[in-house]
Each structure stands twice: as structure tokens, then as C-alpha cells.
Amino acid sequence: MKKVFGILFTICLWLFSCSKKADDTDHKSDLSNYHFNGKIKSVKSELFNLIIEKDTFKIGEKINSLAFDRNSLLEFNELGNLTSVKEFLYNGKVIKEDIYTYDKNDLLIKRKEIDNYGKGSFLDFEFKYDSKDSLTSVLISSDGCKRTLKIERDSNNRPIERKTIQNDTVQLTYSVKYDKNDNLISEIQFRHKNAPVKLIERSFNSQNLKEKEKIIEYNNENLCTSYNS
């Protein structure tokens, strides 16, 4: 008799009291990304022994070991988007938790990561969007430290610049340029305001196939290494 580890998913099919369906759009819900169908409110995973017997198998005892047991509970809202992820041990103690908050347009606006090891730590994420529901900034905060990712877009709503700002100081700037066919022809990365890190230039033919690419990388002494392809 051979034993292997398997994961048994206990899916709680709790019907929502609200029967209103979400509008059909190209946006996929978290349920779809997990390949779950139906009105699922929560998914709980637990670890069991999977016992192979000839051409079949059976579920054995639950594994109650700190080395292997990392059970999890996923919860979703009415539109199928993830609202909570809890990771817990065999004794039920929650060791990690992620909480997701959405606005009235079903856009993710907040995410909180809670780590319950030791004294416990957390990360807070706040997301902001433009009138076209495209991401424009992410604020990340933890224990008095704040970092902001700011995204600038052109008239076609394409991202053209991203800045990483920590405690009011620009740490990293990443800028791009496109050609008339939306091909990415230039990427520039700087530390702080003007210390170059990496430069990439590309050219494309009439079939939008890349013809040439030049990469220049800089070290801490601003000495560069160039690559051509």
C-alpha cells in the first residue's frame, strides 16, 4: 500500500440571498481565475493522506503536522471577487490573513496583509484609478513607512511612467515610449532623480516584428555595459 499527500478541497456552496447577476464584461472574477463555477461563497482547503490502492484511492487521516499542515480558507463576495484569505494551522490558529475591499464599481481599493507570527505585522495597500478605471497609484504602508507607486498615462491610456516614492523621496523612475503601432520602443530606468540604471531601445519592422534591441546597464559607479541583439 502506497501513501502520498493529497489536498482535499471542501467547497461550501452557500447560496447568496441576492439573486442579481453581475453584468457580463470581459473582466474575470477571482472565482473564474480559480476555475470555480457556481455561486461559491467560501473555499476551505485541508491536507489529508491520499492512499493509493491498486487502480483507485481513498482519503486517509488528516495530517496534523506543523511541517505539512497549512490549511486555508478563501471567501468571495456576490460578484465572485476575493474578500478574504486566511491561512491557519491544524489547531485553528490563523497565521496569515489577507483582506480585500472593493468600491461600488467592483474595483479593488484596499488590501490588508496581516502576519500573526510573533507580535504580528501588516501591510496596507490603497489603490486609486482614473475615470477609465485604470490604475494610477498604489500606496503601501506599514509601521510608519510609506511607499507610493504613481503611474502616469498618455492620451491613449497607456502607462508611460511609473515612480516609486518612499517618504516623499523618489527612489525609482521607469519611463517608456511607444511607436504608432503600440510597440514598446524605449524603456528607461533611473534611481532617485537622474542616476541611470537601465536603458533599452528597440526597433520594429512593418510586420511589428522586433529587428534590433540595444540594452545599456549601469552599476553603482555609473559604468555601463551594452548589449545588442
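Readers should treat all values here as calculations from the given coordinates under stated rules, not as data from a laboratory. Here the structure is a predicted model, which is why all the values come from computation and not from measurement.
Quick notes on this structure:
- Remark: the S142-L123 segment gains 6.3 nm on full extension, using 0.36 nm per residue and subtracting the alpha carbon distance.
- Net length gained if the chain between E78 and N219 were fully extended (0.36 nm per residue, minus Cα distance): 45.8 nm
- Legend: distances between Cα atoms for K128/K212; K163/K214; K132/K212; K104/K132; K104/K177; K150/K193; pairs beyond 25 Å are K128/K212; K132/K212; K104/K177.
- Compared with the direct C-alpha span, the chain from E211 to N194 gains 3.2 nm at full extension, assuming 0.36 nm per residue.
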